[in-house]
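Remarks on the structure that follows.
What follows is calculated from the coordinates using simple rules that are stated; it is not laboratory data. Computed from a predicted structure; not experimentally measured. Please note: Cβ atoms are built from the backbone with ideal geometry, for glycine as well, and neighbour counts cover all protein chains shown.
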Amino acid sequence: GVALLQNSGNGPESVATRAYVDRYAGSGMLGWHLFYNRIPKEYQPELAFVPETDKHSIGAALEYGKEYQKGPLRSWWSEMGLDYATHLTGGLFYEGVSPGLFLTFRKNWSLGLNYNYSNRPPNRDRVMGFNVGLKIRDIYRQTQLNFRSGRLDGGDYMFAALRQGFKLSEKFSLALSVEKLSLNYPDDREDLDVTQGVLSGVYDFTAERGIVFRLVGNNKGANGYLAYRQELRQGMDIFLVLGDPN
């Protein structure tokens with residue numbers, strides 16, 4: 001597929017281009033994905049988030065895995081991502097490789113391992129991560145632990161997050177997460193050290209209507225929002241948000 005995305009300006013520098021081709025595959029088959037992006041430096045969309053501009057980028061991903069009908073291992077999945085980007089004005093933007101391995105077990109838990117190596121001048125990022133999931137087939141009561149550590153943006157990086165879901169009744173569920181981020185630089189740049197808590201909840205009046213909320217607090221401040229959703233098979237969908245969903 002090909003997508004042409006234009007902001008409110010005119011001319012070629014207001015248009016971003018994305019082209020991609022995919023082959024999704026099942027158990028025992030090789031899947032692959034290819035993409036190309038061109039994002040001008042002046043591209044500033046009004047209703048989207050584009051963190052990096054001034055780049056040509058190409059990328060690829062390979063994935064392969066298998067499922068099993070018996071035994072302790074329910075399935076495994078592996079992937080390998082490759083990325084290469086240059087500035088439109090010339091010069092390397094970044095290049096990297098990111099392998100990963102993911103396992104699910106018949107006793108309702110999962111394990112994931114991943115690594116990211118990226119050459120992003122003047123830094124060479126190297127981040128290793130793992131995640132563990134418990135009660136993974138219960139979307140309301142899952143436990144998720146994520147941890148990443150390594151070198152990022154020239155500093156020592158660590159991120160850890162623990163998320164727990166709760167099903168309090170047929171209609172009311174909650175999720176509580178605690179997150180810790182640290183990034184320590186060897187030079188005079190300001191270090192990052194943030195601990196954050198997030199409480200979110202859903203109350204469903206019916207399968208089509210409900211109320212959701214989210215409260216976020218860390219050592220830099222706090223905010224939250226309350227929202228009403230109505231999603232119908234026929235008629236008008238409605239979403240009303242009160243507060244700050246940032």
Item to check | Under 28 Å from the Cα of Lys55 - lysines, other chains or at least 8 residues apart | outcome: Lys41
Checklist outcome for this item: Filtered hits (aspartates and glutamates, Cα-Cα < 13 Å from Lys180, offset >= 8 within chain) -> Asp193
Checklist entry - Between segment 172-202 and segment 40-108, how many Å separate their Cα centres? => result 23
Checklist entry - Stretched out fully, how many nm does the piece from Asn119 to Lys135 gain, at 0.36 nm a residue minus the Cα gap? => result 2.0 nm
Item to check | Once the Cα gyration tensor of the chain is diagonalised, semi-axes √(5λ) in Å | outcome: 32, 27, 24
Item to check | Gained length - Asn219 relative to Thr143, 0.36 nm times residue gap less alpha-carbon distance | outcome: 24.9 nm
Checklist entry - Mean projection of the alpha-carbon convex hull of segment 84-205 over all orientations, in nm²? => result 10.7
Item to check | Principal axis dimensions, segment 177-246 - Cα atoms, whole angstrom, descending | outcome: 58, 18, 18
Next on the checklist: 7 Å from Cα along Cα→Cβ at both Trp109 and Glu170: what's the point-to-point distance in nm?
Outcome noted: 3.2
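What does the extension gain come out to for Leu101 and Ala207, with contour length at 0.36 nm per residue minus their alpha carbon separation?
Details: separation 106, 0.36 × 106 = 38.16 nm, distance 3.53 nm.
Gain on extension, Leu101 to Ala207, equals 34.6 nm.
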Item to check | Glu67-Glu190 pseudo-label distance in nm [points 7 Å out on the Cα-to-Cβ vector] | outcome: 4.9
